[in-house]
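*Asks:* Here you go, one structure.
The values are calculated or read from the model by the stated rules, or taken from the named source; none is laboratory data. This structure is a prediction, so every number in the text was calculated from the model and none was measured. Cβ sites come from the backbone with ideal geometry, for glycine too, and all protein chains shown count toward neighbours. Protein only, heavy atoms only, side chains kept; ligands, DNA and RNA dropped before computing areas. Shrake-Rupley method; radii C 1.70, N 1.55, O 1.52, S 1.80 Å.
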Amino acid sequence: MERILILDFGSQYTMLIARRIREMNVYCDIVPFNKIPAITPEIKGVILSGSPASVRGENAPQPDLGGVPATLPLLGICYGAQWLAWSKGGDVSASGTREYGRAILSIKDAGDPLLKDIPAESQVWMSHGDTINSLPEGYKVIASTSTVENAAFRVVGKQIWGIQFHAEVHHSEFGKQMLRNFVLGICGCEGSWTPANFIESTVASLKEQLGRDKVVLGLSGGVDSSVAALLLHRAIGPRLHCIFVDSGLLRKDEFTSVLASYKGMGLNVKGVEASARFLGDLAGVVEPEAKRKVIGRDFVEVFNAEAEKIEDVRWLAQGTIYPDVIESSAVPGASATIKSHHNVGGLPKDMKLKIVEPLRLLFKDEVRRVGKALGLDPDILGRHPFPGPGLGIRVLGEVTPEKVAILQEADAIFIGSLKRWNLYDEIWQAGTILLPVKSVGVMGDERTYEYTIALRAVTSVDGMTADWVRLPYDFLAEVSDRIIREVKGVNRVVYDICSKPPATIEWE
Ligand code: XMP
């Protein structure tokens, strides 16, 4: 499989470079700058990322490109470009003014293949403290801005380019075109990394890897575990044993409807009703992290007990995706890229299961594209993210069966209305929160003293930052009205208007 190698020097934008390349249907890998793999013929080009470091710093990341053939195309971005210049004797120093934000790029060599189809002047995004004051001999400026003479350069007679701006960010108007020029033009990639090809090759390799072995997988109702299940099902059919646990903390009717949908897709799935156990163990537990621990432990124990019933099972499948497996770069101040958010934690005791992770190579949007190509139920495909501990962290404070039931009803009205008003798909995540306070109201002639429901709806790209959704007033009025009228135990509804940061998406 053709691929581009991205050497990570710790920039916050490294992942974005990878996303842009994947959008061209070209596979790419991100590796730390000091762990360059053997260069095989499938690697068609190398990109050197940006970095929070300075090439002049004592601990500046220094890649060893000795194993990279001289003919392989290289593109340095920001720090990568500065390093390419500095390591050959160019002068890199602190720019008087830190160059940050929009700038206008003027082309000096319209014939350069990196600049094909880019207008003579276009906006780019700068973000660097150092600047390249002079280029080494044999380097040629191909584009400049009013303050940065050496904004883009090429090494004459070689397949090496450098750009000091960030072509990968949205604010660089023709940045995508520039990356296309490099990846599809200069490196000659064909763009064959499509969902159909991914499915075909993954199914073939799963067949080979797993043979006649049995695999167990925990389904959550979310996109990742569902797509992992469909891929494995294509490869090994009923030898994939899926387990779907009802913790009692799912949304209203979710257990039955999602289970029916899994069965309809032909999966060999067992639903395990364990809500009494989870709710029993949560009695008296108030603190959010303590609740998470109880739910996580119960989940592992219920899952393990079921998995142990499957004779001769050899493998545990997980829905791990690419952002979870990228190794973070060893650059001080680098953005942390490792995140391990597996809802299925812990291996079944004494079973010595091997791990299989069919989505390891995919970004979230690619998981969705693959899911669609596999015929995943659109309802599951477009589902908002939902936390592993479920409604357990949306009933604030102690969780009781009564409070969960109230929250499920209110949530069903909110989510159902978002779908009816065609708002659901524009939103990253929405849900309701049951506050542990009662307030006074009046209904008919009677004074009420009941719970408050908070509504939360946010837009986000990755859950790391988020903004509250400007829902229409008429919509909010309808939802509030229905919740108070239809959900017994609630007499007040409020809307959360905080962004993240400083607030988080969940309230606990
Ligand atoms: P916060 O609340 O930190 O949430 O802004 C960011 C994203 O993570 C989800 N989330 C969780 N997911 N287990 C999970 O699997 C958890 O304990 C957990 N806590 C928060 C949250 O729903 C949002 O998508």
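*Asks:* In nm, to one decimal, how far is the Ser257 label point from the Lys158 one, both placed 7 Å along Cα→Cβ?
*Replies:* Result: 5.9 nm between the two label points.
*Asks:* Over every pair of different alpha-carbon atoms in the stretch 400-495, take the mean of 1/r and invert it; report that Kirkwood radius in Å.
*Replies:* Details: mean 1/r = 0.0715 Å⁻¹.
Kirkwood radius, the stretch 400-495: 14.0 Å.
*Asks:* What does the helix-only formula give at 222 nm for the chain: each DSSP H stretch with n ≥ 4 adding -39500 (n - 2.57), the total divided by the residues, and the result rounded to the nearest 500 deg cm²/dmol? Show your work: numbers first, answer last.
*Replies:* Working: 13 runs with 145 residues, N = 508.
So the helix-based figure for the chain works out to -8500 deg cm²/dmol.
*Asks:* Rounded to the nearest 0.05, what FRET efficiency do Arg212 and Thr459 give with R0 = 35 Å and r taken as the Cβ-Cβ distance? Could you check? Don't jump to the answer; show the numbers that get you there.
*Replies:* On the way: r = 46 Å, r/R0 = 1.32.
Given R0 = 35 Å and the Cβ-Cβ separation, E is 0.15.
*Asks:* In nanometres, what is the gap between the two model label sites at Arg277 and Ala204, each 7 Å from Cα along Cα-to-Cβ?
*Replies:* For the pair Arg277/Ala204, the computed spacing is 4.2 nm.
*Asks:* If we sort 21-31, 442-452 on the protection proxy, mean other Cβ atoms within 10 Å, highest first, what's the order? If you can, show how the numbers build up before the last one.
*Replies:* Numbers: 21-31: 19.6, 442-452: 11.5.
Descending packing order for the listed peptides: 21-31, 442-452.
*Asks:* Let me ask you something else. Pull up the cross-link candidates among the aspartates and glutamates for Lys108, meaning alpha carbon to alpha carbon under 14 Å and not fewer than 8 places away within one chain.
*Replies:* Asp117, Glu121, Glu149
*Asks:* Now for a different question. Taking only protein heavy atoms into account and a 1.4 Å probe, give the accessible area per residue of the chain in Å². If you can, show how the numbers build up before the last one.
*Replies:* On the way: 22830 Å² over 508 residues.
Value returned for the chain: 45 Å² of accessible area per residue.
*Asks:* Less than 14 Å Cβ to Cβ from Gly266, Lys/Arg counted +1 and Asp/Glu -1: what total charge do the surrounding residues give?
*Replies:* Details: positive: Arg234, Arg239, Lys263; negative: Asp377.
Residues near Gly266 contribute +2 overall.
*Asks:* If you don't mind, another one. What distance in nm lies between label points placed 7 Å from Cα along the C-beta direction at Glu308 and Asp29?
*Replies:* If labels sit at Glu308 and Asp29, their model points lie 3.9 nm apart.
*Asks:* Here is a further query. When only C-alpha pairs under 8 Å and at least 6 residues apart count, what is the relative contact order of the chain, in percent?
*Replies:* Values: 1018 pairs, mean separation 58.0, N = 508.
Rounded, it is 11 percent for the chain.
*Asks:* Where the accessible area of the stretch 204-381 is counted over protein heavy atoms with a 1.4 Å probe, how much of it, in %, is carbon and sulfur?
*Replies:* Numbers: 4250 of 8170 Å².
Solvent-exposed carbon and sulfur of the stretch 204-381 make up 52 percent of the total.
*Asks:* With a 1.4 Å probe and all protein chains left in place, how much of the accessible area of the stretch 400-495 comes from carbon and sulfur atoms, in whole percent?
*Replies:* Solvent-exposed carbon and sulfur of the stretch 400-495 make up 53 percent of the total.
*Asks:* What length, rounded to one decimal in nm, is gained on full extension from Ser439 through to Ser192, with 0.36 nm per residue of separation minus their alpha-carbon distance?
*Replies:* Numbers: separation 247, 0.36 × 247 = 88.92 nm, distance 5.94 nm.
Fully extending the segment from Ser439 to Ser192 adds 83.0 nm.
*Asks:* Any of Lys207/Lys293; Lys252/Lys293; Lys44/Lys116; Lys309/Lys403; Lys140/Lys176 with alpha carbons more than 25 Å apart? Name them for me. Numbers along the way, then the final one.
*Replies:* Details: Lys207/Lys293 36 Å; Lys252/Lys293 23 Å; Lys44/Lys116 19 Å; Lys309/Lys403 34 Å; Lys140/Lys176 22 Å.
Beyond 25 Å: Lys207/Lys293; Lys309/Lys403.
*Asks:* While we're on this one: Once you treat every alpha carbon in the stretch 3-186 as an equal point and sum by Debye, what is log10 I(q)/I(0) at q = 0.11 Å⁻¹?
*Replies:* -0.40
*Asks:* Would you calculate the convex hull of the Cα atoms in the chain and tell me its volume per residue in Å³? Working shown, then result.
*Replies:* Working: hull volume 88.3 nm³, N = 508.
Considering the Cα atoms of the chain, their hull volume per residue is 174 Å³.
*Asks:* Continuing with this model, one more query. Keeping the other protein chains in place, figure out the carbon and sulfur percent of the accessible area of the stretch 1-153, with a 1.4 Å probe. Before the final figure, lay out the partial values.
*Replies:* Details: 3060 of 6350 Å².
Carbon plus sulfur share of accessible area: 48 percent.
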